[in-house]
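Here the structure comes first, spelled out in structure tokens, and everything after it is commentary.
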Amino acid sequence: MSYTKYGFDPAQVERIKLKMKNPETKERVKMILQGVTKYDLQDRVKVRRFVGMLTKVLGEKVTEQQTEQLVNFVIAQKIDPNNTFHLIKLWGMFR
């Protein structure tokens, strides 16, 4: 399943991927997501909060519609951060 089906701008995805190559930014993102469970990633309120924190760390401005698209994407993927297969699937989607 492609992220473009959820309305993500490929240019914005490339910008974020480039920002994530910065070790300092990467560590800040890891700290925010440390201890996140699959149940947290199925809770719309928590995902919205994570999106807000992460966009602030990355310095990305997102509209309300883009935030909703991100939340819908995360919930639809049913991500389990402790399942290596899920993480590989996401990595393949954004590489």
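Quick one: residue 16 ticks every box in (1) open to solvent by 70 Å² or more (accessible area, probe 1.4 Å); (2) touching an Asp or Glu at 6+ places or on another chain (Cβ under 7 Å); (3) not hydroxyl-bearing (Ser, Thr, Tyr) bar one, so which box is it?
Condition (1) is where residue 16 drops out.
Can you find a residue in region 36-47 that is at pLDDT 90 or above, open to solvent by 90 Å² or more (accessible area, probe 1.4 Å) and assigned to a helix (DSSP H, G or I)?
yes
Taking residue 55, is it among the polar types (S, T, N, Q), open to solvent by less than 80 Å² (accessible area, probe 1.4 Å) and in a helix (DSSP H, G or I)? Can you show your working first?
Working: among the polar types (S, T, N, Q): yes; open to solvent by less than 80 Å² (accessible area, probe 1.4 Å): yes; in a helix (DSSP H, G or I): yes.
Considered against the rule, which asks whether it is among the polar types (S, T, N, Q), open to solvent by less than 80 Å² (accessible area, probe 1.4 Å) and in a helix (DSSP H, G or I), residue 55 comes out as yes.
Given 5, 30, 26, 21, which one is under 20 Å from residue 95 (Cα atoms), touching a helix residue (DSSP H, G or I) at 6+ places or on another chain (Cβ under 7 Å) and open to solvent by 70 Å² or more (accessible area, probe 1.4 Å)?
Numbers: 5 fails: touching a helix residue (DSSP H, G or I) at 6+ places or on another chain (Cβ under 7 Å); 30 fails: touching a helix residue (DSSP H, G or I) at 6+ places or on another chain (Cβ under 7 Å); 21 fails: touching a helix residue (DSSP H, G or I) at 6+ places or on another chain (Cβ under 7 Å).
So the residue among 5, 30, 26, 21 that is under 20 Å from residue 95 (Cα atoms), touching a helix residue (DSSP H, G or I) at 6+ places or on another chain (Cβ under 7 Å) and open to solvent by 70 Å² or more (accessible area, probe 1.4 Å) is 26.
Here are some residues: 62, 71. Which one is within 11 Å of the chain's Cα centre (by Cα), open to solvent by less than 50 Å² (accessible area, probe 1.4 Å) and of a type outside the set (S, T, N, Q)? Spell out how you get there, then give the answer.
Working: 62 fails: within 11 Å of the chain's Cα centre (by Cα).
Just one listed residue meets the conditions, 71.
Has region 47-59 got any residue that is of a type outside the set (A, V, I, L, M, F, W, C) and over 13 Å from the mean Cα position of the chain (by Cα)?
As a first pass, look at region 47-59 and keep what is of a type outside the set (A, V, I, L, M, F, W, C): 48-49, 52, 55-56, 59.
Next, from what is left, pick out any that are over 13 Å from the mean Cα position of the chain (by Cα): 59.
The answer is yes; a qualifying residue exists.
The values are calculated or read from the model by the stated rules, or taken from the named source; none is laboratory data. Computed from a prediction, not measured in an experiment: that's the story for all the values here. Cβ atoms come from the backbone with ideal geometry, glycine included; neighbour counts cover every protein chain shown. Surface accessibility is based on the protein's heavy atoms, side chains included, excluding ligands, DNA and RNA. Shrake-Rupley method; radii C 1.70, N 1.55, O 1.52, S 1.80 Å.
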